[in-house]
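**Q** Right, I'll just put the structure down here and ask away after.
The values are calculated or read from the model by the stated rules, or taken from the named source; none is laboratory data. Keep in mind that this is a model prediction, so the values were computed, not measured. Glycine gets a Cβ as well: all are built from the backbone with ideal geometry, and neighbour counts include every protein chain shown.
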Amino acid sequence: MADQEIRIGVAGRIGDHTARMLGGRVEQDTDGFELVVPYLDQAQVTGLLMRLDDLHIGFRRVTVAPTNPSPDHQDPDTHEGARP
């Protein structure tokens with residue numbers, strides 16, 4: 001099976017530190033920001049949504065899709081603070 005990722009369109013802005021704490025990264029899209037996390041299983045999705053609720057971070061949509069590596073993708077653990 002191909003690697004998959006969870007993409008959660010958040011209401012407002014989520015910081016890089018918060019995204020890393022949740023196991024992912026932040027990406028900007030056409031209508032705001034997304035939390036992008038490697039997909040493990042359905043329980044993880046539920047847990048992430050509960051954590052966002054605990055942090056009072058609203059969300060607009062949730063998708064699970066194949067990982068789409070892009071040339072400007074940067075791993076937050078290895079390129080901390082770097083900007084494209």
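**Q** Return the residues of segment 35-52 that are assigned to a helix (DSSP H, G or I), over 15 Å from Gly9 (Cβ atoms) and either touching a residue at least 40 places away in the same chain (Cβ under 8 Å) or not polar (S, T, N, Q) (or both); say none if nothing qualifies.
**A** The answer is Ala43, Gly47, Met50, Arg51.
**Q** Only residues that are in a strand (DSSP E or B) and within 13 Å of Ile57 (Cβ to Cβ): list them for segment 1-34, please.
**A** Passing the criteria: Ile8, Gly9, Val10, Val26, Gly32, Phe33, Glu34.
**Q** Kindly provide the set of residues from segment 24-46 that are among the small types (Gly, Ala, Ser) and either modelled with pLDDT under 95 or surrounded by fewer than 12 Cβ atoms within 10 Å (Cβ to Cβ) (or both), ordered by number.
**A** Gly32, Ala43
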